[in-house]
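Colleague: Submitted below is the structure of interest, expressed as structure tokens.
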Amino acid sequence: MSATRLLVVDDEQDLLELLVRRLKRKGFDVDSAGTAEDALELVKKNEYDIGVYDIRLPGMDGIELLKETKKVQPDIEVLILTGHGTIDTAIEAMKVGAFDYITKPYNLSELELTIGKAAENKALKEKNDSMKKIIAQHNGFNIIGDSANFKEVLEMTRRIADSEVPVLIEGESGTGKELIAKALHYWSCRADEPFVPVNSGALPEHLLESELFGHARGAFTGASQDKKGLVEAAKAGTLFLDELGEMPLALQVKLLRFLETGEFRRVGDVRERHVSVRVVAATNRDMEKEVAEGRFREDLYYRLNVVKLTIPPLRERKGDLPALIEHFIRKTKAPSKRLSSEAFAALEDYDFPGNVRELSHLIERGVLLSKGSMIGAEDLLLPHAGKTKAEAQVRLSPLCSLEEVEKVHIDNALKQMNWNKTKAADVLGISVRNLYRKIDQYGLKE
Ligand SMILES: Nc1ncnc2c1ncn2[C@@H]1O[C@H](COP(=O)(O)OP(=O)(O)O)[C@@H](O)[C@H]1O
Ligand SMILES: [Mg+2]
């Protein structure tokens with residue numbers, strides 16, 4: 001731990017010098033001022049742990065200085081030295097946030113003791129704050145899943161959370177890649193540093209570069225100030241590169257260099273900067289294919305792929321459904337609603353192209369649409385009653401009449417187009433009027 005930083009303010013020069021010398025000898029890092037105005041200048045420039053202010057100063061007094069100090073540095077602890085020992089001024093000092101007061105003439109060891117206590121108090125508060133932050137962050141996300149498949153992913157996540165190596169998370173959209181990236185962060189020693197997500201595909205290349213690495217003033221039109229990038233904002237935390245497969249090739253070179261050395265430059269700046277951020281990337285693309293087809297640099301892929309976490313799609317871990325459903329119902333405004341057994345069966349039959357995200361939306365809507373305490377299958381509005389479009393299509397026996405073939409074929413086309421008749425007619429190569437006639441003729445229904 002670094003030395004406790006003190007700011008001592010007294011207008012009696014001799015007393016001040018004596019005190020400063022003594023406190024320095026005790027290992028404190030001490031600044032001093034003879035007036036409140038000078039002290040305030042220091043407070044605006046430097047950070048202090050503890051202020052020791054004489055109550056009576058020329059110009060602004062000690063209590064006023066205390067108030068002003070707290071506006072700039074709310075966490076500082078201030079001890080007030082009072083010359084008169086009147087209980088009134090002492091109480092006033094405490095009311096505006098002094099840690100304690102000491103009556104002059106004071107005994108130096110007593111003062112040191114009180115400074116020690118204030119320092120301890122401040123350290124404890126800081127620790128508490130960071131604990132609170134961590135707990136809040138932990139409560140913010142809840143990872144549900146007890147299928148063997150998913151537990152394996154969680155197990156691995158825990159194991160590699162504390163390591164420095166980059167991680168590549170693969171999985172279809174909505175499988176929980178960002179959630180796992182957050183787990184990697186909050187389950188690690190970086191938990192009280194920032195978690196910074198970046199969507200690699202959201203911006204054009206030059207903007208993404210300045211977003212990521214920052215820029216110098218004048219680097220391009222509109223860059224009116226120096227700006228830190230997300231890499232610097234993440235500091236010693238985690239940089240989460242989402243949609244990695246969409247990162248422009250030119251930027252991939254710069255990212256590779258950063259991954260290899262921890263070094264980067266702000267756009268338009270010559271200075272090399274360094275951060276020790278952990279990089280976690282996610283993709284829903286087949287990265288080997290991206291590499292093979294020249295859209296993603298092979299060297300960068302290998303650099304990021306030191307550890308790969310693959311999150312299976314929800315349809316391959318239906319065992320997670322009950323717990324996930326309960327979790328998502330609990331998060332709604334009607335947490336006591338239940339799913340009917342038909343509704344559950346329908347979900348078990350469904351293949352969730354949008355994975356967990358889709359499930360959460362289905363449940364949210366189901367809770368809204370259901371009238372009583374039960375969410376029925378019909379409240380889920382599953383496309384094609386729990387089947388994929390392909391499965392919902394009627395299959396033909398080779399021994400049926402041409403008329404039968406036509407009927408089934410038209411029915412399939414309509415289903416495929418969600419009963420949009422203009423589109424279906426287009427696909428079938430007939431007029432819409434003709435399609436209506438056939439629908440009527442074969443008695444087809446939506
Ligand atoms: N195992 C899980 N437990 C609880 N919620 C989950 C789980 N997996 C995904 N979710 C939720 O589903 C949504 C999509 O997850 P997200 O991590 O954004 O997926 P991806 O990044 O893979 O598209 C989020 O709201 C997330 O909280
Ligand atoms: Mg995502």
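Colleague: Quick one: divide the alpha-carbon radius of gyration of the chain by 2.2 N^0.38 Å and tell me what you get.
Modeller: Its radius of gyration relative to the 2.2 N^0.38 Å reference: 1.47.
Colleague: Moving to a separate point now. Rounding to the nearest 10 and keeping the result within 0 to 90°, find how far the Cα-based axis of helix 355-369 lies from the longest principal axis of the chain.
Modeller: The answer is roughly 80 degrees.
Colleague: Cut-off 10 angstrom, C-alpha nodes, Gaussian network model of the chain. Which of Lys26, Lys228, Lys182 fluctuates the most?
Modeller: Among Lys26, Lys228, Lys182, the largest GNM mean-square fluctuation belongs to Lys26.
Colleague: Can you run phi through the Karplus equation (6.51, -1.76, 1.60; θ = phi - 60°) for region 187-192 and list ³J(HN,Hα) in whole Hz, with x for Gly and Pro?
Modeller: Result, rounded to whole Hz: 8, 10, 6, 8, 3, 9.
Colleague: Would you mind calculating the gained length between Ala323 and Asp162 on full extension (0.36 nm times residue separation, minus the Cα-Cα distance), in nm to one decimal?
Modeller: That pair, Ala323 and Asp162, stretches by 55.2 nm at full extension.
Colleague: Given a Förster radius of 35 Å and the C-beta distance between Tyr106 and Arg330 as r, what FRET efficiency does 1/(1 + (r/R0)^6) yield to the nearest 0.05?
Modeller: 0.05
Colleague: Evaluate the Debye formula for region 239-338 with equal point scatterers sitting on the alpha carbons, no solvent, and hand back log10 of I(q)/I(0) at q = 0.10, 0.14, 0.20 Å⁻¹, in q order, two decimals.
Modeller: Rounded to two decimals, the profile gives -0.46, -0.70, -1.02.
Colleague: I would also like to ask the following. Anyone know which of Val291, Val198, Val167 comes out most mobile in the 10 Å Cα GNM of the chain?
Modeller: It is Val291.
Colleague: Between region 216-237 and region 50-67, what's the alpha-carbon centroid distance in Å?
Modeller: Spelled out, the Cα-based centre of one part sits 39 Å from the other.
Colleague: Taking Cα atoms, how many degrees apart are the long axis of helix 402-416 and the longest axis of the chain, rounded to 10 and kept between 0 and 90?
Modeller: The two axes meet at around 10 degrees.
Colleague: Hey, what's the Kirkwood Rh for region 5-129 if you take every pair of different alpha carbons, in angstrom?
Modeller: Over region 5-129, the inverse of the mean reciprocal pair distance is 14.2 Å.
Colleague: Given N residues in region 148-310, what is Rg(Cα) / (2.2 N^0.38 Å)?
Modeller: That ratio works out to 1.03.
Colleague: Whole-Hz ³J(HN,Hα) for each residue in region 221-231, computed from phi via Karplus 6.51 cos²θ - 1.76 cosθ + 1.60 with θ = phi - 60°, x for glycine and proline: what do you get?
Modeller: After applying 6.51 cos²θ - 1.76 cosθ + 1.60, I find 4, x, 8, 7, 9, 4, 9, 6, x, 5, 4 Hz.
Colleague: Give me the percent relative contact order of the chain, please, defined on Cα pairs under 8 angstrom at least 6 residues apart.
Modeller: 11 percent
Colleague: For the chain, modelled as a Gaussian network with Cα springs under 10 Å, which listed residue fluctuates most, Phe352, Phe28, Phe195?
Modeller: Comparing Phe352, Phe28, Phe195 in the GNM, the peak value goes to Phe28.
Coordinate-derived values only; no laboratory data. It should be emphasised that the depicted structure is a prediction, and the values quoted were computed from it without experimental measurement. Neighbour counts are summed over all protein chains in view; Cβ atoms, including those assigned to glycine, are modelled from backbone coordinates with ideal geometry.
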